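Report on the following structure.
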Amino acid sequence: MKKIRPDLLFLGLTVFMILMILGITWGNYQFTKENPGGNDFISRWLGTRLFVTEGINPYSDEATLRIQEFFYGREALPNEDQQLFVYPYYSMLFFAPFSLIEDFALARAVWMTVLEIGLLVISFSSMAAVGWKPGRSTLIIFLIFTLTWYHAVRPLINGNPAILAAVFISLAFLMITRNRYTAAGVLIAFSTIKPQMVILLVPFVLWWAISRRKTALIISFSITMFFFVAISQISQPDWLLGNLRQIVAYPSYTEPGTPGGIFSSWWSETGSSIGIGLSIFLALVLLIEWIAATKKDQYWFLWTASLTLVITNLIGIRTSTANYIALMPGLILIFSIIQERWKKESSKIVLFYLITLMVGVWWLFIATLINSDQPWQNPILFFPLPTLLFLNLYWVRYWALNSRKMEIEELAPLKNL
């Protein structure tokens, strides 16, 4: 049999990939034309477009009014989503290519294609980082789960940049496990396009890098952030003040986004006290675990980084369930340990997890849906995934340290815990 020339094979695969991406984008375009949405993308797309095409400050009242008129057809009422830009000024670097597309439905379709590819990148990079190698059937089911579970579909339909930030986070973790610290530092800086997702992760990464003397990571992160801030300052000197003003205003027109806020809406002062107690407890947990991770290797880093991302969503920092896509590395880390521990039975256990998360979270969303002028997600959706991962991450470590059935050295992902 005649062998296919490598260059022709590469060309064929490239053409196939391009055609597939174009096909997915066309399908997304048919969807976006018929289904309004992309609420989390509109402000970023139009805010960036107004700056690129007209030089309008995305934090200005003029930009906000233009976005509201596009969204509502009028100025927003005080109790409605104000559609503020909110994101850091330098995030426009990532939204700029999409802002050049005048037709919002098409821009949203292209953005959705990028996010769909991003969901796969998150999964594959996380699998590579933790060393999880599922069988073919488990892999296929997992990839279907990756694209269709609640915490992927919601940010995808809404066009939330959380998926892009999660891509940078998962790739940074992969680079760290491959000792490519310069790339890791750049990627961590990229992830700050949505600061609330990495507000605790960034200091932990830098703390760990300092303790391990990984100066390449620290320098590359610092240079990238300096570049972001410098171009923002040169272009719009008062951008930080405008950004902070919108961040402060954000909670006034949105639903509670912290456990304390949710508990308070349920149980008034008692709920508020519970929220404060939870925040103090989780802060102590983080302090202990960050100290424990000092000078430890990449595998210990991955466990603590995964825990940090989980706690970020529970400690009292304003969050959204869209941000939970960044918890995928922690979920896959758990799967990798299950595979090491149970081997032949691991596929069934992983399948149980996937079905539970897929069916359970979707059922909870539908069963608790709040119907007013438009359907709203019930705040109870904030708790299942991070709580499950918090408990399972500790179960994984406890088992790795205490199990007599298997030597810790056999556990590649947690061999030094």
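Below, the figures for the structure above:
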| read-out | value |
| --- | --- |
| Meets criteria (out of contact with any helix residue (DSSP H, G or I) (no Cβ under 8 Å at 6 or more places or on another chain), of a type outside the set (Ser, Thr, Tyr) and over 21 Å from Phe335 (Cα atoms)) for Arg180 | yes |
| Output for segment 297-354, where each listed residue is of a type in the set (Asp, Glu) and part of a helix (DSSP H, G or I) | Glu340, Glu345 |
| Pairs with Cβ under 9 Å, 6+ apart, first in segment 260-275 and in contact (Cβ under 8 Å) with a residue 12 or more places away in the chain and more than 14 Å from Arg318 (Cβ to Cβ), second surrounded by fewer than 18 Cβ atoms within 10 Å (Cβ to Cβ) and aromatic (Phe, Trp, Tyr) | Ile274/Trp267 |
| Tally of residues being in contact (Cβ under 8 Å) with a residue 60 or more places away in the chain and assigned to a helix (DSSP H, G or I) across segment 151-182 | 16 |
| Qualifying residue in segment 234-250 (condition: over 25 Å from the mean Cα position of the chain (by Cα), polar (S, T, N, Q) and assigned to a helix (DSSP H, G or I)) | yes |
| Exclusive hit being surrounded by 13 or more Cβ atoms within 10 Å (Cβ to Cβ), closer than 27 Å to Gly260 by Cα, modelled with pLDDT of 95 or more and not hydroxyl-bearing (Ser, Thr, Tyr), set Pro379, Pro384 | Pro384 |
| Residue within segment 43-50 that is of a type outside the set (Phe, Trp, Tyr) and surrounded by fewer than 15 Cβ atoms within 10 Å (Cβ to Cβ) present | no |
| Unmet criterion (only one of (1) surrounded by fewer than 18 Cβ atoms within 10 Å (Cβ to Cβ); (2) closer than 20 Å to Pro329 by Cβ; (3) touching a Phe, Trp or Tyr at 6+ places or on another chain (Cβ under 6 Å)) for Ala216 | (2) |
| Residue match in segment 71-88 (condition: over 24 Å from Thr321 (Cα atoms) and touching a Ser or Thr at 6+ places or on another chain (Cβ under 6 Å)) | no |
| Residue in segment 128-150 that is over 30 Å from Asp297 (Cβ atoms), among the hydrophobic types (A, V, I, L, M, F, W, C) and part of a loop (DSSP other than H, G, I, E, B) present | yes |
| Selection count where residues are surrounded by fewer than 24 Cβ atoms within 10 Å (Cβ to Cβ) and touching a His at 6+ places or on another chain (Cβ under 7 Å), scope segment 317-331 | 0 |
| Residues satisfying the stated conditions in segment 255-278, i.e. assigned to a helix (DSSP H, G or I), surrounded by 15 or more Cβ atoms within 10 Å (Cβ to Cβ) and not aliphatic (A, V, I, L, M) | Pro259, Gly260, Gly261, Phe263, Ser264, Gly271, Ser272, Gly275 |
| Residue tally, condition among the aromatic types (Phe, Trp, Tyr) and under 25 Å from Asp238 (Cα atoms), over segment 61-87 | 2 |
| Sole residue being buried (at least 20 other Cβ atoms within 10 Å of the Cβ) and not basic (Lys, Arg), chosen from Ile210, Ile176, Ile199 | Ile176 |
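The values are calculated or read from the model by the stated rules, or taken from the named source; none is laboratory data. None of these values were measured; they are calculated from a predicted model. In this analysis, Cβ positions are derived from the backbone assuming ideal geometry, glycine residues included, and neighbour counts consider all displayed protein chains.
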